[in-house]
Amino acid sequence: MIDQASAEPTVLLVDDNAQNLKVLYETLKDRGYRLLIANDGEKALTLAKRHLPEVILLDIMMPDMDGWQVCEHLKADPATADSAVVFLSALDDMDAKLRAFSLGGADYIAKPFQAQEVIARVSTHARVIRLERDLQQRNRQLEGDQTRILNAINEGIYGLDERGNIMFANPAAAMISGCGIEDLIGRNFFRLHFRAGQGDVLHDFNEDLLEAAAGLPVQATCHQGVAEHQRGVTFYRMDGSSFPAEYRATPKRDGEVLSGAVVVFRDITVELENEQALDDARGMVQDQREQLAHASRLATTGEMAAGFAHEVNQPLTAITNYARVALRLLTAEQPDHALVVQTLEKIEAQSHRASEVIRRIRSFVRKPASGKDVLSVAALLEETRQFAEVDARNNDGGVEVQVADDIPDVLADPIQVQQVALNLIRNALESTRSAGSREPVLVNVRVADPGFVRIEVSDHGVGLPEDSEQRLFLPFFSTKEEGMGIGLTLCRSLIQAQGGEIGFERPESGGALFYFTLPVAQTLAEAGEA
Ligand code: ADP
């Protein structure tokens, strides 16, 4: 059994002379060593192999196998090669010493020896060998750790030289490339993984052309020492099939000199598929949200139909009356032209009023929503107020819009924002009416957290139900007899799609306050800075 890790250094004493062995033993005993003895070369080798001594004190002149031969055997066997062999001999000539060192001996002590000298030299060599072994042990451990880490990593790792030749590859690199590690080592990364031009494999190019095939991934790292990171690059496998990859290439340097690159890469086929599926799902949700929003706008328009009819009817009645006046004026004996002109102008103004109502309805029910735009909140809310007024008259209430002067434009979908504002205003009007109040619904606009405009709709109506926090924005929650309870759910979904937030508060003065935020549109200059 190998007991390399024993606490005391092991010293093997080899001499065919029992007396010499005894003296050596006496000299070194009780000095913190484990002492082994062998009286011939064979035994010495067996003990050395079994106990891996730090130091071997080796006599040269022995029958059968002399010290030189023992040393040669020891050094030839990797297991025993690192022991410090200290020759002990009466041959005190230069040749013997030189031979001792040339055979890998660590030291030479001439007989008869001084006890202190033996003690000192053994101690030095034992310490040095111990340290060396510790160091080797630690190196092996580190290498083992590194290998385990490299083997465990799912990403492929290549070490490339400056021409792109693969010097190192981990198991994942081999798996991704569809071959063994041994097939990768020595191959050229660019030729293996890329094709140039019309599908010509890079094998067909000579070195110069390969150099010239600039722009290939990792080339700038190998040649100019520029770190790279790319996603969605096509890598070819050994069998000619390909896969989309993400890679990072880091330059490798020996001191100041660029000596190649380390490339970490992975196959992102599944990732891309998942992303695509996620994108599709997002698209579907977006479509459905827009369809629902559209259906809801149609429903709102339906609910407001009576108001619209009234709104259009008024100018139409006026137009009929003015037309009669105009006719009468024209059929008079001496038509008053100026009055006719005035009357016709009134007809024009009234028809404009009617067509405005129709324009608003048409733009509101337009499908699909028009997409995000840079909007003036003030203009949009004014339009919404006029639209809501149709309801307001129905409900006998009023809407007041207050927009501070310094409100920046926002980036949002105009129809969807209008839909949200109209929904909140109509809810507020309805609540006001239920409370029998005549207080107008207030729409306030201010700048909120940096980068957001906050629109608040407050009323003095019946106030919010007790457990609103949990339920208000849930689909189909309604306290109204004919309510569908999808208005606020839809509002939240639409505002989130604009990148804003929606919520409510209970003002101390009673009633309810709903708010939503919209992101401020970046100016071109700001976008450039970002
Ligand atoms: P619906 O209007 O069809 O009921 P909503 O989702 O728009 O659907 O509203 C859900 C519920 O939220 C309403 O039934 C009502 O109870 C409450 N609510 C919304 N706005 C107000 C408000 N301004 N004041 C009081 N309650 C409100």
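At-a-glance table
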| item | result |
| --- | --- |
| Test for Gly307: is it in contact with a Lys or Arg (Cβ under 8 Å, 6 or more places away or on another chain), within 30 Å of Glu389 (Cα to Cα) and either open to solvent by 50 Å² or more (accessible area, probe 1.4 Å) or of a type in the set (Gly, Ala, Ser) (or both) | yes |
| Test set (1) within 13 Å of the ligand (Cβ to nearest atom); (2) open to solvent by 10 Å² or more (accessible area, probe 1.4 Å); (3) touching a strand residue (DSSP E or B) at 6+ places or on another chain (Cβ under 7 Å); (4) within 21 Å of Gly499 (Cβ to Cβ) - Val420 fails condition number | (2) |
| Long-range neighbours under 8 Å by Cβ, at least six apart or interchain, first residue outside any helix (DSSP H, G or I) within region 297-310, second of a type in the set (Val, Ile, Thr) | Met304/Val390 |
| Any chance Ala412 is within 16 Å of the ligand (Cβ to nearest atom), closer than 15 Å to Thr517 by Cα and in contact (Cβ under 8 Å) with a residue 24 or more places away in the chain | no |
| Residue match in region 238-257 (condition: of a type in the set (A, V, I, L, M), outside any strand (DSSP E or B) and touching a helix residue (DSSP H, G or I) at 6+ places or on another chain (Cβ under 9 Å)) | yes |
| Pair list, Cβ < 9 Å and 6+ apart or interchain, from region 446-458 residues that are under 10 Å from Leu518 (Cα atoms) to residues that are within 16 Å of the ligand (Cβ to nearest atom) and open to solvent by 30 Å² or more (accessible area, probe 1.4 Å) | Ala448/Tyr515; Arg454/Asn444; Arg454/Tyr515; Ile455/Asn444; Ile455/Tyr515 |
| Those strands (runs of 3 or more DSSP E) lying entirely in region 433-530 with at least 3 residues within 12 Å of the ligand (Cβ to nearest atom) | 452-458, 502-505, 513-519 |
| Evaluation of Gln116 against (1) more than 23 Å from Leu28 (Cβ to Cβ); (2) surrounded by fewer than 16 Cβ atoms within 10 Å (Cβ to Cβ); (3) over 60 Å from the mean Cα position of the chain (by Cα) (one fails), failing number | (1) |
| Count of residues meeting criterion [part of a loop (DSSP other than H, G, I, E, B) and among the basic types (Lys, Arg)] in region 54-86 | 0 |
| Failed item in (1) farther than 18 Å from Phe387 by Cβ; (2) open to solvent by 40 Å² or more (accessible area, probe 1.4 Å); (3) out of contact with any helix residue (DSSP H, G or I) (no Cβ under 7 Å at 6 or more places or on another chain), with Gly463 passing the rest | (2) |
| Which listed residue is at pLDDT below 95 and under 30 Å from Ala293 (Cα atoms), from Val340, Val365 | Val365 |
| Within region 359-379, tally of residues that are among the hydrophobic types (A, V, I, L, M, F, W, C), out of contact with any helix residue (DSSP H, G or I) (no Cβ under 7 Å at 6 or more places or on another chain) and touching a residue at least 24 places away in the same chain (Cβ under 8 Å) | 3 |
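Residue-by-condition table, conditions (1) within 16 Å of the ligand (Cβ to nearest atom); (2) open to solvent by less than 20 Å² (accessible area, probe 1.4 Å); (3) more than 50 Å from the chain's Cα centre (by Cα); (4) β-branched (Val, Ile, Thr):
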position: Thr343; (1), (2), (3), (4): no, yes, yes, yes
position: Ala379; (1), (2), (3), (4): no, no, no, no
position: Asp391; (1), (2), (3), (4): yes, yes, no, no
position: Leu424; (1), (2), (3), (4): yes, yes, no, no
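The values are calculated or read from the model by the stated rules, or taken from the named source; none is laboratory data. Values in this document were obtained by computation on a predicted structure and should not be read as measured data. Note that we place each Cβ from the backbone using ideal geometry, even for glycine, and neighbour counts take in every protein chain shown. Please note that ligands, DNA and RNA were not included when accessible areas were found on the heavy atoms of the full protein model with its side chains. Shrake-Rupley method; radii C 1.70, N 1.55, O 1.52, S 1.80 Å.
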